[in-house]
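The values are calculated or read from the model by the stated rules, or taken from the named source; none is laboratory data. Remember, predicted model here, so these are calculated numbers, not experimental data. Ideal geometry is used to build each Cβ from the backbone, glycine not excepted, and the neighbour counts take in all protein chains shown. When the accessible area is computed, the model is the full protein with side chains, heavy atoms only, and any ligands, DNA or RNA have been set aside. Shrake-Rupley method; radii C 1.70, N 1.55, O 1.52, S 1.80 Å.
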Amino acid sequence: MTQADPRYLAARDALNGLSVGDAFGQTFFHTNDRAVWFRDRALAKPPWRWTDDTAMALSIVEILGASGEIDQDALADRFATKYREEPTRGYGGGAHDILAQIGSFTPWPQASSSAFGGTGSMGNGAAMRVAPLGAFFAPDLDQAVVQAEASAEVTHFHTEGKAGAVAVAVAAALACRARTERIERGAAFIDAVAEHLPECHVREGLAEAARLAPDTPIAAVAEKLGNGSRVLAQDTVPLVIWVAAHHLDDYEEALWLAVSAEGDMDTTAAMVGGIVASKVGTEGIPAAWLEAREALPPTALDEGF
Ligand code: R7I
Ligand code: MG
């Protein structure tokens, strides 16, 4: 694959949107004046450090760049290597364990399936890193679903964890297609995402999200759908899809709305950012925000990410 491959360009836009969102969202954990910052749209002083959301998304993009699909063994290895190199990127509690185990040669199926007493993780971490994969497979939604699930399973064995990843990947794929096709916004967009999920709490949350009017105050949306404060797929992804569905053409607006919901702000902003940038491209991200984000490491394919 070359850097001019449209799938690669789409994934790169999503990665920029995701990493800027992650770093932007993270800044609000470092102030006691969050409400004032939201009201005034005040930005933290750069650099904005990105977190585990971006570290793991980089691994996904690297694997897609190298083999055009998710090789689960290779992905597990990349996740574990990046974790070993920089364990202080803010990984989830269970993720520390799973990644350390994989790094010390426990096969990933064992590490992932035995987490949380044998249910596997239903954390929001498989969804937070997956938007570039959705953009990459935008021409083929069935592939986006299969590949998102494969990427999730390496660390999130639970149905909810995987469903969260499928939802965000499909949303990013639809967003990408909205550049050239007519894609409905709002409730129809949310329904189009939900139809790719099995019966589960994430899907129930999306059904609730589709019933919330576009002008519902964000605090009421968070009250109804959750805002990631439990760090679970099902209390994070419905709000994210609601925000993206109603603000697919405006990165800045979507991101302010996402963080104003409070909760797991780096994560919700990473997901919304990855989806919306799949529609608006890197050029739709405010230049000052891209500049403020801590630089991304060069990948094997693109020195200038
Ligand atoms: O999902 P994960 O990678 O965490 C991602 C979050 C994002 O906010 C990142 O930005 C970072 O801050 O962490 O990591 P996991 O540890 O697998 O899941 C996250 C949390 O969800 C766990 O630490 C648990 O609190 C909770 N959790 C569960 N609780 C009970 N039962 C996940 N799965 C379960 C479960 O099965
Ligand atoms: Mg994080």
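Descriptive notes on the structure:
- Output for the stretch 112-123, where each listed residue is closer than 15 Å to Glu153 by Cβ and either within 8 Å of ligand 1 (Cβ to nearest atom) or crowded, with 23+ Cβ neighbours inside 10 Å (or both): Ser112, Ala115, Phe116, Thr119, Gly120, Ser121, Met122, Gly123
- Breaking point among (1) buried (at least 17 other Cβ atoms within 10 Å of the Cβ); (2) over 16 Å from the mean Cα position of the chain (by Cα), for Pro107: (1)
- For the stretch 4-99, the helices (runs of 4 or more DSSP H) that sit wholly inside it and include 3 or more residues that are within 11 Å of ligand 1 (Cβ to nearest atom) and modelled with pLDDT of 95 or more are 6-27, 52-67.
- Verdict on Leu43 being more than 20 Å from Thr88 (Cβ to Cβ) and exposed (fewer than 15 other Cβ atoms within 10 Å of the Cβ): yes
- Unmet criterion (only one of (1) open to solvent by less than 30 Å² (accessible area, probe 1.4 Å); (2) free of Cβ contacts under 8 Å to residues at least 12 places away in the same chain) for Thr88: (1)
- Pairs, first over 19 Å from Met128 (Cβ atoms) in the stretch 21-50, second among the polar types (S, T, N, Q) and exposed (fewer than 14 other Cβ atoms within 10 Å of the Cβ), C-beta under 7 Å, six or more apart: Trp37/Thr31
- Number of residues in the stretch 200-219 that are open to solvent by 30 Å² or more (accessible area, probe 1.4 Å) and either within 19 Å of the chain's Cα centre (by Cα) or touching a residue at least 40 places away in the same chain (Cβ under 8 Å) (or both) equals 3.
- Filtered by the rule that a residue be in a helix (DSSP H, G or I), out of contact with any helix residue (DSSP H, G or I) (no Cβ under 7 Å at 6 or more places or on another chain) and within 11 Å of ligand 1 (Cβ to nearest atom), the stretch 141-179 gives a lone residue, Thr159.
- Residue pairs whose Cβ atoms lie under 7 Å apart, separated by 6 or more positions or on different chains, with the first residue in the stretch 111-140 and within 16 Å of ligand 2 (Cβ to nearest atom) and in a loop (DSSP other than H, G, I, E, B) and the second open to solvent by 40 Å² or more (accessible area, probe 1.4 Å) and among the aromatic types (Phe, Trp, Tyr), are Ser121/Phe157.
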